[in-house]
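See structure below.
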Amino acid sequence: QVQLVESGGGLVQAGGSLRLSCAASGRTFRSVVMGWFRQAPGKEREFVAAISGSGGSTNYADSVKGRFTISRDNAKNTVYLQMNSLKPEDTAVYYCAAGWIFRATSQAFGYWGQGTQVTVSS
C-alpha cells in the first residue's frame, strides 16, 4: 500500500515557477515508478511526467518538455515537479501517482494523491 500527499500548489503569474512535492509512505518507494498528471476543468486527466524508481529514467509530455523537471529523493520518499516558465494553460489540479510500470498512461499507476491546485494567471 502506498499513500501519497501532494503539496506546493498555488497561484503564480505567467512566466513564474512553482515546485510541487509528493511525500509517499511505504518501504518500497525506491522500487516504485512515480508520475505527475494534471486535470484542467472540463478536460481529461493527462500525463505530465514520470520517473523510474532509481531516478535514472524520466519521461515528459511534449507540452512541458524543457520547462518542467521531475526528480525524486528516495531517502526522503519524496518526488518533486519543478515547473518553470509557467503558462496559463498549465492551470490544473496536479496529481501525484505511483505505479510499477514505466508508462505515460494513467492505467500504469495504481495509487493516487488527492491533488493540488496550480493556477497560472496571465
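The values are calculated or read from the model by the stated rules, or taken from the named source; none is laboratory data. Since the model is a prediction, treat every value here as computed from it, not as a measurement. With ideal geometry, Cβ positions are generated from the backbone for all residues, glycine too; neighbour counts draw on all protein chains shown. Surface areas here come from the heavy atoms of the whole protein model, side chains and all, with no ligands, DNA or RNA. Shrake-Rupley method; radii C 1.70, N 1.55, O 1.52, S 1.80 Å.
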*asked:* Looking for something crowded, with 19+ Cβ neighbours inside 10 Å, part of a strand (DSSP E or B), touching a Gly at 6+ places or on another chain (Cβ under 6 Å) and of a type outside the set (Ser, Thr, Tyr) - is there at least one such residue anywhere in the stretch 28-43?
replied: yes
*Based on what the data block shows, is Pro88 modelled with pLDDT under 95, loosely packed, with under 12 Cβ neighbours inside 10 Å and either under 12 Å from the mean Cα position of the chain (by Cα) or under 24 Å from Thr119 (Cα atoms) (or both)?*
no
*Could you look through the stretch 14-41, keep only residues that are among the hydroxyl-bearing types (Ser, Thr, Tyr) and modelled with pLDDT under 95, and pick out the one that is nearest to Ile70 (Cα to Cα)?*
Ser31
*asked:* Can you tell me how many residues within the stretch 49-82 are hydrophobic (A, V, I, L, M, F, W, C), closer than 21 Å to Gly26 by Cα and within 14 Å of the chain's Cα centre (by Cα)?
replied: 5
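Could you say which residue among Ile101, Ile70 is touching a residue at least 12 places away in the same chain (Cβ under 8 Å), outside any strand (DSSP E or B), hydrophobic (A, V, I, L, M, F, W, C) and out of contact with any Pro (no Cβ under 9 Å at 6 or more places or on another chain)?
On the way: Ile70 fails: outside any strand (DSSP E or B).
Step by step, each of Ile101, Ile70 is checked, and only Ile101 is touching a residue at least 12 places away in the same chain (Cβ under 8 Å), outside any strand (DSSP E or B), hydrophobic (A, V, I, L, M, F, W, C) and out of contact with any Pro (no Cβ under 9 Å at 6 or more places or on another chain).
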*Quick one: which residue in Gly35, Gly15 is within 12 Å of Cys96 (Cβ to Cβ), of a type in the set (Gly, Ala, Ser) and in contact (Cβ under 8 Å) with a residue 24 or more places away in the chain?*
Gly35
_Subset of the stretch 1-47 (residues that are hydroxyl-bearing (Ser, Thr, Tyr) and on the phi > 0 side of the Ramachandran plot)_ = none
*From the residues in the stretch 44-85 that are over 15 Å from Ala104 (Cα atoms) and of a type in the set (Lys, Arg), which one is most open to solvent (accessible area, probe 1.4 Å)?*
Lys76
